[in-house]
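Inspection log for the structure reproduced underneath, given as structure tokens.
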Amino acid sequence: MTNGHPSPADLDRPRPVPAPPGAADDGLADRTVAQVRARLAELDGLETADHVAVFDAVHRELADVLGRLDRDPEPGGPGGKR
């Protein structure tokens, strides 16, 4: 991190979306959306050239979470047990 902003190397790195202690993946989609929105809000403080790395990392995070939800749907969610 430099000058309060992530370094270019940090921008391209997906950030894990941890589950709270004691929870499996309950609320994974909601946590992911909140985290992605926060990352996109950071774009204002970055050089325009660094935006692509953030978009790529966010895309990988969203694809990973969607893949996990497809394999193991959240209870009560679309495709999940009710």
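Tell me which of these PHE55 doesn't satisfy, since it passes every other one: (1) of a type outside the set (Val, Ile, Thr); (2) at negative phi; (3) modelled with pLDDT under 95.
Going through (1) of a type outside the set (Val, Ile, Thr); (2) at negative phi; (3) modelled with pLDDT under 95 one by one, PHE55 breaks only (3).
So ASN3 ticks every box in (1) on the phi < 0 side of the Ramachandran plot; (2) modelled with pLDDT under 65; (3) not small (Gly, Ala, Ser) but one. Which box is left unticked?
Only one criterion in (1) on the phi < 0 side of the Ramachandran plot; (2) modelled with pLDDT under 65; (3) not small (Gly, Ala, Ser) is unmet by ASN3, namely (1).
The values are calculated or read from the model by the stated rules, or taken from the named source; none is laboratory data. Small disclaimer: the values here were computed from a predicted structure and weren't measured.
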